[in-house]
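Accompanying notes for the structure given below.
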Amino acid sequence: MTRSLEQIVISPAELARFGTGTTLADQAHALLAQQKGVWEMLRNGYDTLRTVQTRVFDFDRFHIKVQFNPGRMTSTVAKVDATSIKERKCFLCLENLPPAQRGLACEADYLVLCNPFPIFPEHFTISCLRHTPQLIRHSLAAFLKITRDLGARYLVLYNGPRCGASAPDHLHFQAGNRSSLPLDAEFEGMKAACATRLFESAAVRVWSVENCLRHFFTFESANAGALEQSFAALYAVLQEGGPADEEPMLNILGFHTRDEWRIHVFPRAKHRPSFYFLEGEEKLLISPAAVELGGICTTPREADFARVTREHIVELYREVGVAPERFADLKTRLAARLAAAPPIGS
């Protein structure tokens with residue numbers, strides 16, 4: 001029997017048994033405790049998470065963690081071509097949610113759900129109530145508000161429809177413990193050694209970061225309007241020369257602390273590295289999304305976890321990220337757009 005939204009959204013009275021905080025971050029933490037008690041699939045996912053093994057590769061200014069997590073097999077091998085999506089039910093639509101799954105309403109149009117295939121100690125999916133395509137251009141304002149409301153405990157991420165989103169047909173974000181992702185703690189060091197300040201106004205600072213395996217842009221601001229305007233400039237630059245109706249390839253990681261956002265945007269060149277498609281022992285099942293760009297590479301097969309080398313990690317980031325010459329061009333064009341725009345955040 002299909003449940004209504006009112007039946008899926010957990011009431012404050014029921015949630016209060018699992019936590020007393022009033023922020024969205026507090027409520028999400030309480031929701032996870034409630035769901036672990038009643039939803040077997042979720043409980044099994046977190047049982048699997050306790051068996052995760054981790055290797056750490058040191059790259060001087062930063063670290064890359066490789067995680068063996070068998071619970072991530074479904075996401076890692078997800079088929080995201082148009083035919084496969086058309087033939088399966090959307091697992092984020094309300095009518096297809098498991099009977100035990102409950103959620104939190106947020107931002108009028110979104111639902112915070114516990115992710116049954118966790119990477120983080122606390123892992124959530126924030127899905128749109130409408131079945132609408134994964135498209136950040138029209139949903140960045142909601143992304144920023146949710147990042148702010150969860151920021152005390154969690155980061156929020158966005159995977160583009162061709163960049164790791166296992167449901168590219170249904171708009172959604174994810175959230176997880178911000179302390180789990182290496183990039184959060186390492187960024188200040190990266191900024192000092194690898195970043196160029198592309199633009200600064202009273203409202204926003206825009207950085208380009210390179211020579212750390214990844215090439216990306218970072219926006220820092222306490223002004224949501226300034227972030228939306230400066231991100232729109234980058235989006236336009238990324239989309240130049242591509243199909244107007246197709247989102248440029250990108251991933252986003254969002255953090256909020258001390259009343260300020262820090263938004264990292266990673267332009268992409270490919271969905272998956274070449275070794276993903278090889279056969280036999282040369283094949284490695286690692287499918288990069290925002291988590292990988294933040295410093296945690298996940299594989300669901302123990303053999304791959306044992307075989308992966310420093311060289312594989314370098315190859316992965318080199319292939320899926322934009323080439324240095326492409327990034328240099330993006331930097332030039334973004335700086336010009338930002339400089340020519342009206343005062344940001346005014």
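Any read-out appearing in this document is the output of simple, stated calculations on the displayed coordinates, not a laboratory observation. Owing to the predicted nature of the structure, the values given are computational and were not obtained by experimental measurement. For neighbour counting, all protein chains shown are included, and Cβ atoms are generated from backbone atoms with ideal geometry for every residue, glycine included.
Computed from point charges on the beta carbon alone (+1 for Lys and Arg, -1 for Asp and Glu), the dipole magnitude for region 26-163 about its Cα centre is near 220 Debye.
Just rank GLU281, GLU319, fewest to most, by other beta-carbon atoms within 10 angstrom.
Values: GLU281 9, GLU319 16.
The most exposed by this proxy come first: GLU281, GLU319.
The eigenvalues of the Cα gyration tensor, multiplied by 5 and square-rooted, give region 172-260 an equivalent ellipsoid with semi-axes of 22, 16, 16 Å from largest to smallest. The mean sequence separation of alpha-carbon pairs under 8 Å and at least six residues apart, normalised by the residue count of region 5-340, gives a relative contact order of 18 percent.
Couplings 3J(HN,Hα) of region 156-161, computed from phi: 10, 10, 10, 10, x, x Hz, in residue order, whole Hz [Karplus 6.51 cos²θ - 1.76 cosθ + 1.60, θ = phi - 60°; x for Gly and Pro].
Once a ≥ b ≥ c are taken as the square roots of the eigenvalues of the Cα gyration tensor of region 1-66, is the result rounded (a/c under 1.5), prolate (a/b larger than b/c) or oblate (a/b not larger than b/c)? Don't skip to the answer; put the middle values down first.
Values: a/c = 2.92, a/b = 1.97, b/c = 1.48.
Taking the square roots of the gyration eigenvalues as a ≥ b ≥ c, region 1-66 is prolate.
Of the cross-linked pairs LYS65/LYS145; LYS283/LYS331; LYS79/LYS283, which ones have a Cα-Cα span greater than 26 Å in the structure shown? Don't skip to the answer; put the middle values down first.
Details: LYS65/LYS145 29 Å; LYS283/LYS331 34 Å; LYS79/LYS283 17 Å.
Among LYS65/LYS145; LYS283/LYS331; LYS79/LYS283, the Cα-Cα distance tops 26 Å for LYS65/LYS145; LYS283/LYS331.
Classify region 217-307 from the C-alpha gyration tensor, please: rounded if a/c falls under 1.5, else prolate or oblate depending on whether a/b exceeds b/c. Oblate, because a/c is 1.5 or more while a/b does not exceed b/c. Volume of the convex hull of region 38-102 (Cα atoms only), normalised per residue: 148 Å³. With θ taken as phi - 60° and the Karplus curve 6.51 cos²θ - 1.76 cosθ + 1.60 applied, the whole-hertz 3J(HN,Hα) list for region 30-45 is 5, 4, 4, 4, 5, 5, 4, x, 10, 10, 5, 4, 5, 4, 5, x Hz, x standing for glycine and proline.
If you put +1 on each Lys and Arg Cβ and -1 on each Asp and Glu Cβ, how big is the dipole of region 5-340 around its Cα centre, in Debye rounded to 20?
With Lys and Arg at +1 and Asp and Glu at -1, about 180 debye.
The phi torsions of region 15-24, fed into the Karplus equation with coefficients 6.51, -1.76 and 1.60 and a -60° offset, translate into couplings of 5, 4, 5, 10, x, 10, x, 10, 6, 4 Hz, rounded to whole numbers, with Gly and Pro shown as x. For region 1-149, the relative contact order works out to 26 percent when only alpha carbon pairs closer than 8 Å and six or more residues apart are counted. Think of region 5-340 as having a plus end and a minus end, set by charges on the Cβ of Lys, Arg, Asp and Glu; of PRO243, ALA328, HIS138, ALA328 sits farthest toward the positive end of this dipole. Close amide H partners of ASN115, meaning residues 5 or more places away or on another chain with modelled amide H under 5 Å apart, are HIS123, PHE124, THR125.
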